[in-house]
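Written below as structure tokens is the structure these notes are about.
The values are calculated or read from the model by the stated rules, or taken from the named source; none is laboratory data. Note that the structure is predicted; figures quoted are calculated from it, not measured. Positions of Cβ are backbone-derived with ideal geometry, glycine not excepted, and every protein chain shown enters the neighbour counts. All accessible areas refer to the heavy atoms of the entire protein, side chains included, with ligands and DNA or RNA removed. Shrake-Rupley method; radii C 1.70, N 1.55, O 1.52, S 1.80 Å.
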Amino acid sequence: MPIHEQSLIRPENIRTHDELVLDGIDVSGHWSTFIEPRVVTDYNEALEDEIAALPGGENIHRCWQCGSCTNSCTVNAVNPDFNPRYWIYLIRMGMESELLRDRDIIWQCVSCNKCTYACPRDVEPEGVMKATAHWLEKKGHTPKSPSIIFDEIFADQVIARGKIEESSIIRKFLKRTGQPLMQDWLIAMARGLLMKLPVGLMRRMGLAMLFRPRTAGWSKARAALEEYVEECEREQRRALGLGNGKPE
Amino acid sequence: MTGPVLVVGGGPAGLAAAEALSGVGRNAVLVEKEDRLGGAPILSGYAKLVPTGEWAKDAIGGMAARVEADAAVDVRTGCTVKEFGGEPGAFTATLSDGSTVEAPAAILCTGFTHFDSVNKPEWGFGSFPDVVTTTQVEQMISSGQGVRCPSDGRTPKRVAILLCVGSRDRQIGREWCSKICCTVSANIAMEIREELPDCHVYIYYMDIRTFGLYETSYYWRSQEEFKVKYIKARIAEVTSDGERLIVKGEDTLVKRPITIPFDMVVHAIGMDPNVDNLLLSSIFGVELEPHGNIARQSAYGGMGRTSRPGVFVAGAATGPETIDDSIAQANAAAIAALGAGRAATGPKAARKAA
């Protein structure tokens, strides 16, 4: 039997059973194909507020669904399923389960900000995409993306010492993302540095690698930064209903 | 031209017409079929008015009090016009109490009738007590009782407002947009959120027509300050699971059917032509336009003229209208009535005569 409006049926909603008896009637085989309803049965009234509480999501309530963001979107041009306008609507109306279906696409935003310039309501859709990706991660719906992991290592080091030491960032990043340290590009770069860098600079780099110096008088700045970051984290976790404990 | 101008209808337009006539030293006879003045805002118990947020009983009630105290206005409540004849400058109206009024001109401010929601049975009005109209919510607010579910008096946790109930609907012969309901609904939604901060309000719409400056002060203010949600869906039916109302429809922006529970459903009812318009048309000898409202002869020059010289019209008698525009039209009609049947004077007229 042909199925009308097949495009509206999601493959995961089609249920088949090789052997099935309903009310004493054998409905195995052809007749055991059922379609799960795709009806929205409730709204999550907290969803918009949660996204709005994360950096970038503050202006989501301004959206009037014109679609300028999706029309201007770099990623949408190659993947029509990447649709910021649609996700903003789902978030505003609280259709959480619909949003979660796209959890593996939302992070793909390349932050080109064409939507930011196209948006007539100053929603800053790029920021909303960022906030939504963070929301998915904080709620445990998606694993931390490599870029989030990199940002964390980078920020941790800046806060700890007031400066960064590239080799340790790269080592930690490769380790936490499960990649081998001996990468061809890394070996080539190290070899190039050894051959071409002036001796004085090489010495300073080596010393920095070994002793990891801090910016002079950093401890006060560090304490202030740590306090601020913790406060932001606490505020976000509270807004997302994740309790007041420190992040893992 | 001498004698009082006959004003029919004591709502915002009629009150404004009488006040305008009195203001330029002309007497008026104001005929109102109900036992008190004020029209729909008073008789139907509206709460806070668009756009100023003043209470109807202060704003329109104030107009009524001024007219009642005005020596130049002869107020006849509980009274209708039975017969109307004569020529511009010399009309005679016979009233239901048997008296007659000699008037050089008449202004019809006979208003509209609220759409009766029982004509849309699929949306549950009349079947479920917690399905109410915008007018009923206005009454809950203006009476001080507050917004409560009529079935058991509980405070609603979630309210749906359905737009275009009795408007833009060929199915029931009402093809017009009632013009005010989007803004009124946004206003009511904000009042509900103000009274009940824990109650979520959803507005189901086809298009939003909070025209002109209401875009910011109602459409966006309701979303940005009061977190009212607007969902693009024409509701198919309102049923009940025995405890709460179930609203079914399709969210057209996500191509997804919806079946959502609500505590209260509010019909944003439209403005019908006054149910008495056929009678008024035959008594006053004025034509109706195709929707059944009193037809205006011109939109530009001679505002407020009907098909009958000397008889003018203002306000929602001409079609869905806001209160402030009704009042403006009444002032225009009063000016037109003053000039009716009066020979022009002044230098240009003198040149013409010579």
## Note on the structure
Of the residues in region B:252-293 that are open to solvent by less than 30 Å² (accessible area, probe 1.4 Å), assigned to a strand (DSSP E or B) and within 14 Å of chain A (Cβ to nearest Cβ), the one that is modelled with the lowest pLDDT is B:R256
### Summary
Going through region B:223-246 in order, the residues found to be within 11 Å of chain A (Cβ to nearest Cβ) and surrounded by 15 or more Cβ atoms within 10 Å (Cβ to Cβ) are B:Q223, B:F226, B:K227, B:V228, B:K229, B:Y230, B:I231, B:K232, B:A233, B:I246
### Task
Using the structure shown, decide if A:T116 is in contact (Cβ under 8 Å) with a residue 40 or more places away in the chain, part of a helix (DSSP H, G or I) and under 13 Å from A:C69 (Cβ atoms).
no
### Summary
B:C79 vs (1) farther than 24 Å from B:V24 by Cβ; (2) at pLDDT below 95: all pass except (2)
## Note on the structure
Among (1) outside any loop (DSSP other than H, G, I, E, B); (2) open to solvent by 40 Å² or more (accessible area, probe 1.4 Å); (3) closer than 22 Å to B:Y205 by Cβ, A:Y89 falls short only on (2)
### Message
Can you find a residue that is within 10 Å of another protein chain (Cβ to nearest Cβ), part of a helix (DSSP H, G or I), farther than 24 Å from A:R10 by Cβ and open to solvent by less than 40 Å² (accessible area, probe 1.4 Å) anywhere in region A:65-86?
### Response
no
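Conditions (1) open to solvent by less than 30 Å² (accessible area, probe 1.4 Å); (2) of a type outside the set (K, R), marked per residue:
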| site | (1), (2) |
| --- | --- |
| B:T113 | no, yes |
| B:S151 | no, yes |
| B:D169 | yes, yes |
| B:K179 | no, no |
### Query
Would region A:113-120 turn up any residue that is at pLDDT below 95 and either farther than 30 Å from B:Y219 by Cα or within 12 Å of another protein chain (Cβ to nearest Cβ) (or both)?
no
### Task
Would you list the helices (runs of 4 or more DSSP H) that sit entirely within region A:172-248 and hold 1 or more residues that are modelled with pLDDT under 95 and over 27 Å from A:I159 (Cβ atoms)?
A:184-196, A:199-211
### Message
For a quick check of your reading: which strands (runs of 3 or more DSSP E) sit entirely within region B:48-116 and have at least 3 residues that are closer than 27 Å to B:I269 by Cα and under 20 Å from the mean Cα position of the chain (by Cα)?
### Response
B:112-114
### Task
Residue by residue through region B:119-138, note down the ones that are in contact with a His (Cβ under 6 Å, 6 or more places away or on another chain) and open to solvent by 70 Å² or more (accessible area, probe 1.4 Å).
none
### Message
Tally up the residues in region A:99-128 that are within 24 Å of A:P143 (Cα to Cα) and open to solvent by less than 10 Å² (accessible area, probe 1.4 Å), please.
### Response
5
## Note on the structure
Of (1) farther than 23 Å from B:V228 by Cα; (2) within 14 Å of chain B (Cβ to nearest Cβ), A:V40 fails just (1)
### Residues of region B:139-149 satisfying the condition of being aliphatic (A, V, I, L, M) and open to solvent by 10 Å² or more (accessible area, probe 1.4 Å)
B:M140, B:I141
### Task
Filter region A:137-192 for residues that are in contact with a Leu (Cβ under 6 Å, 6 or more places away or on another chain) and either more than 22 Å from A:R237 (Cα to Cα) or open to solvent by 80 Å² or more (accessible area, probe 1.4 Å) (or both) and give the result.
A:L174, A:L181
### Query
Since A:I159 meets every condition but one in (1) touching a residue at least 24 places away in the same chain (Cβ under 8 Å); (2) among the aliphatic types (A, V, I, L, M); (3) not in a helix (DSSP H, G or I), which condition does it not meet?
(3)
